[in-house]
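The structure under discussion appears below in the form of structure tokens.
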Amino acid sequence: MKKVITYGTYDLLHFGHINLLKRAKELGDYLIVGVTADDFDKARGKINVQQSLMERIEAVKATGLADEIIVEEYEGQKIDDIQRYDIDIFTVGSDWEGKFDYLKEFCKVVYLERTEGISSTQIREKQSFLKLGFVGDRTMLEKYANEIEFVNGIQISGAYLNEFKEQENMGGIVNYSSYEELLKYCDAVLIESAPQYHADQIEMALNNMKHVICESPIALNGTEVENLYTIAKKNGLILMEAIKTAYSIAYNRLLLLIKSGKIGQVVSVDATCTSRKELDQSQNDYTKVPWNSICGWGPTALLPIFQIYGVKPKNIQITSMFLDEEKKFDAFTKINFVFPNGTATVKVGKGVKSEGDLVITGTKGYIYVPAPWWKLDYFEIRYEKIEDKKRFFYQLDGEGIRYELVSFVQMIKETKTNEYILEKYSIAIADIMERFLQNRQIIILEE
């Protein structure tokens, strides 16, 4: 019996896929079809997949062409599969010509001509675009505009920048003179303005029936966050908190490994996030830095703590060091938590520099994420015996922005809640912002 194997994502299964599978079937007596797993697709940079793994498997199964369906989960699996299943022919579309010649050592390789004029990408591109309005500064607009090029189903329709310049047109993106004007020309808004404006801007957008993705924190107290989520639900809209790390493959794998008990019971979480570049560029004029340390870095550092321990600490102690007389810009803030089952420490700063790593201590071992841990693509699980150390690598493109945007589009299309940052975490983060403003120990630094 001659065995044939082929692989694909098979997102939005179309005639081109079916035609390719038919010709693959004709090459032998038994056809095995490998469907790529969600995480493996993301690791390869395919972030626009619309359907889940099970939906894609069921679609291939429904064609009746596959004698067996397997899941492709890791780099190098093709060689393992060819040897495991005693494969005679490996086949794939001609757009991969030469890419898999290395498999000729193990079996015959056949490149099949693809059906012209149809692909999953083209189908996704023909779907209606989400018109996204941007609120913030030009630097961030340019960064998001670059990343949106990798995301199907979304385009920036206009902007409301911090510094309005009349008639300014940025690569086809119109800069509107008011936030109200921008809302007339979009389906959703991406808010990157100063934190004190977030709650009002989100509420206005939701009341104008616009979906919202907002840089964390989405408000400066928990009550405001609850109110905003209530409005979003009432209007059938998506309100999504933007913490780029939360949407990375590596970060979610890390959380799963913790929950599976790989390091035992967690007893301590220590998260550090610092930077000086933005502060240096301001030449110590703190009014030019709209994001202080607690708002700029706090949400990122707080998220793993709340996701691991929950949102009800027994004790919180906040100590901040300021460089300005009004005590609004914290050069450094340290937060100590005591939870019923462990402790945690957050260190954030825009006026200091430290090792920006993440350490999660458990009763069996610990997880170490090197600096800058928030751009998470690699981490280690370390044990007493150094030879037991495990290393984990996951690709991260565009600092996680594109994964964040893809998640936003999918939430809107599927009308589903944010599985990455639950509402209770958003409330807990905002509560810390409020505590910072009302109840903290203060140290004044003199340069």
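The values are calculated or read from the model by the stated rules, or taken from the named source; none is laboratory data. This one's a predicted model, so the numbers in the text were calculated from it and none came from an experiment. Because the Cβ atoms are built from the backbone with ideal geometry, glycine has one as well, and the counts that use them run over all protein chains shown.
Numbers at a glance
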| quantity | calculated |
| --- | --- |
| Hits in the range 63-72 (condition: out of contact with any strand residue (DSSP E or B) (no Cβ under 8 Å at 6 or more places or on another chain) and either without any contact (Cβ under 8 Å) to a residue 40 or more places away in the chain or aromatic (F, W, Y) (or both)) | G64 |
| Residue, surrounded by the most Cβ atoms within 10 Å (Cβ to Cβ), within the range 385-406, restricted to residues that are β-branched (V, I, T) and out of contact with any helix residue (DSSP H, G or I) (no Cβ under 6 Å at 6 or more places or on another chain) | V406 |
| Single residue of the range 334-374 satisfying the filter (modelled with pLDDT under 95 and in contact with a Leu (Cβ under 6 Å, 6 or more places away or on another chain)) that is surrounded by the most Cβ atoms within 10 Å (Cβ to Cβ) | K350 |
| In the range 240-260, residue surrounded by the most Cβ atoms within 10 Å (Cβ to Cβ) [restricted to those that are of a type outside the set (D, E, K, R) and without any contact (Cβ under 8 Å) to a residue 40 or more places away in the chain] | L256 |
| Search result, residues across the range 288-328 that are surrounded by fewer than 21 Cβ atoms within 10 Å (Cβ to Cβ), touching a residue at least 24 places away in the same chain (Cβ under 8 Å) and either more than 30 Å from L255 (Cα to Cα) or of a type in the set (D, E, K, R) (or both) | V289, P290, K312, K314, M321, L323, D324, K327, K328 |
| Hits in the range 407-434 (condition: touching a strand residue (DSSP E or B) at 6+ places or on another chain (Cβ under 9 Å) and farther than 30 Å from K347 by Cα) | V409, M411, I412, K413 |
| Members of the range 55-72 found to be crowded, with 18+ Cβ neighbours inside 10 Å and farther than 12 Å from K22 by Cα, listed by number | R56, I57, A59, E72 |
| Residue in the range 12-48 that is modelled with the highest pLDDT, counting only those that are of a type in the set (D, E) and within 15 Å of the chain's Cα centre (by Cα) | D38 |
| Residue that is farthest from the chain's Cα centre (by Cα) [pool: residues in the range 228-272 that are within 17 Å of E399 (Cα to Cα), outside any loop (DSSP other than H, G, I, E, B) and among the polar types (S, T, N, Q)] | N252 |
| Scan of the range 114-142 for residues that are modelled with pLDDT of 85 or more, in contact with a helix residue (DSSP H, G or I) (Cβ under 7 Å, 6 or more places away or on another chain) and either more than 30 Å from H198 (Cα to Cα) or surrounded by fewer than 17 Cβ atoms within 10 Å (Cβ to Cβ) (or both), ordered by number | none |
| When residues of the range 169-194 are limited to those that are assigned to a helix (DSSP H, G or I) and in contact with a strand residue (DSSP E or B) (Cβ under 8 Å, 6 or more places away or on another chain), the one surrounded by the most Cβ atoms within 10 Å (Cβ to Cβ) | L182 |
| Strands (runs of 3 or more DSSP E) contained in the range 350-390 and holding at least 2 residues over 16 Å from R253 (Cβ atoms) | 358-362 |
| Cβ pairs under 8 Å, 6+ apart, first in the range 399-426 and at pLDDT 90 or above, second assigned to a loop (DSSP other than H, G, I, E, B) and surrounded by fewer than 20 Cβ atoms within 10 Å (Cβ to Cβ) | E423/T417; K424/V311; Y425/V311 |
| Considering residues of the range 201-214 that are in contact (Cβ under 8 Å) with a residue 60 or more places away in the chain and either part of a helix (DSSP H, G or I) or crowded, with 23+ Cβ neighbours inside 10 Å (or both) only, the residue nearest to the chain's Cα centre (by Cα) | I213 |
| Failed item, numbered, when R382 is tested on (1) modelled with pLDDT of 85 or more; (2) within 25 Å of Q155 (Cβ to Cβ) | (2) |
| Residue satisfying all of: in the range 407-442; under 30 Å from M321 (Cβ atoms), of a type in the set (A, V, I, L, M, F, W, C) and surrounded by 15 or more Cβ atoms within 10 Å (Cβ to Cβ); farthest from the chain's Cα centre (by Cα) among these | F436 |
